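Take a look at the structure set out below.
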Amino acid sequence: MQLTIRKLAYTLAFSTLVLAGCTTASKKTDGQAATPADQASSQQASAASVEFYVAQAKAGDGLMEVKVPDGSLYMQRQPVLTRADLTEAAALVDRQGQNFVGLRFTEAGARKLNDISSKNIGNMLALVIDRELVAAPRIAEPLNRGVLAFGVPSAKAASEIAAKIRGDAGAPAAGAPAAPAPKPASKP
């Protein structure tokens with residue numbers, strides 16, 4: 001079996017997602033065991049907000065202006081998708097060495113993505129994490145497979161963005177150096 005970059009990327013993406021799913025139970029000081037709801041609420045409280053907005057290059061009624069290095073984007077005021085619509089986020093590299101962030105949507109999120117992209121061909125789908133515009137890929141065709149991938153400048157950027165989208169604890173801020181992975185706690 002010949003190992004290709006594509007197979008390696010899928011394997012790496014799957015491994016990353018599996019490892020991202022490994023979390024430790026949070027501790028309660030009153031002696032009760034933490035419930036999954038407690039863990040989910042504490043993770044969401046510390047996780048970055050992730051929202052997608054339809055955007056365009058021209059001003060329009062009800063749109064908010066967002067300054068970007070080469071001008072402005074005009075985004076809808078309400079998000080059309082959020083982290084709740086996602087199931088996976090992974091850093092990927094294609095055969096030419098281009099770095100990407102790959103996103104997979106829930107079944108409901110995939111339906112929304114298809115509807116939104118079908119109605120907004122030529123516009124952009126802006127990804128905003130913690131009120132910071134991260135990417136705004138142009139919608140060239142209906143996105144009807146429940147996935148979205150967008151290019152980023154480096155592998156480090158892809159990893160950081162994917163970690164923030166997943167809500168990984170300790171995801172570094174944009175431009176901040178990545179912290180080393182914590183060492184596993186030893187058992188007493």
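The values are calculated or read from the model by the stated rules, or taken from the named source; none is laboratory data. Everything numeric here is computed off the predicted structure, so don't read it as measured data. Here Cβ is always computed from backbone atoms with ideal geometry, including for glycine, and neighbour counts include all displayed protein chains.
Things worth noting here:
- Condition met for V93 (closer than 18 Å to R138 by Cα and among the hydrophobic types (A, V, I, L, M, F, W, C)): no
- Pairs where the first residue, in region 49-66, is in contact (Cβ under 8 Å) with a residue 60 or more places away in the chain and the second is part of a loop (DSSP other than H, G, I, E, B) and loosely packed, with under 15 Cβ neighbours inside 10 Å, C-beta under 6 Å, 6+ apart: S49/D130
- Residue selection: A9 satisfies the criterion of being within 24 Å of L143 (Cα to Cα), surrounded by 11 or more Cβ atoms within 10 Å (Cβ to Cβ), modelled with pLDDT under 80 and aliphatic (A, V, I, L, M).
- Considering region 113-155, and only residues there that are of a type in the set (D, E, K, R) and under 16 Å from the mean Cα position of the chain (by Cα), the residue that is farthest from Q76 (Cα to Cα) turns out to be D130.
- Counted residues, region 81-120 - those being closer than 22 Å to S159 by Cα, of a type in the set (G, A, S) and either surrounded by fewer than 14 Cβ atoms within 10 Å (Cβ to Cβ) or touching an Asp or Glu at 6+ places or on another chain (Cβ under 6 Å) (or both): 2
- Test set (1) touching a strand residue (DSSP E or B) at 6+ places or on another chain (Cβ under 9 Å); (2) closer than 14 Å to I139 by Cβ - S118 fails condition number: (1)
- Applying the set (1) within 18 Å of S49 (Cα to Cα); (2) assigned to a strand (DSSP E or B); (3) within 14 Å of the chain's Cα centre (by Cα) to V66 leaves exactly one unmet item: (3).
- Against the list (1) of a type in the set (S, T, N, Q); (2) surrounded by 19 or more Cβ atoms within 10 Å (Cβ to Cβ); (3) part of a loop (DSSP other than H, G, I, E, B), the condition Q78 fails is (2).
- Boolean, I139 is crowded, with 16+ Cβ neighbours inside 10 Å, of a type in the set (A, V, I, L, M, F, W, C) and at pLDDT 95 or above: yes
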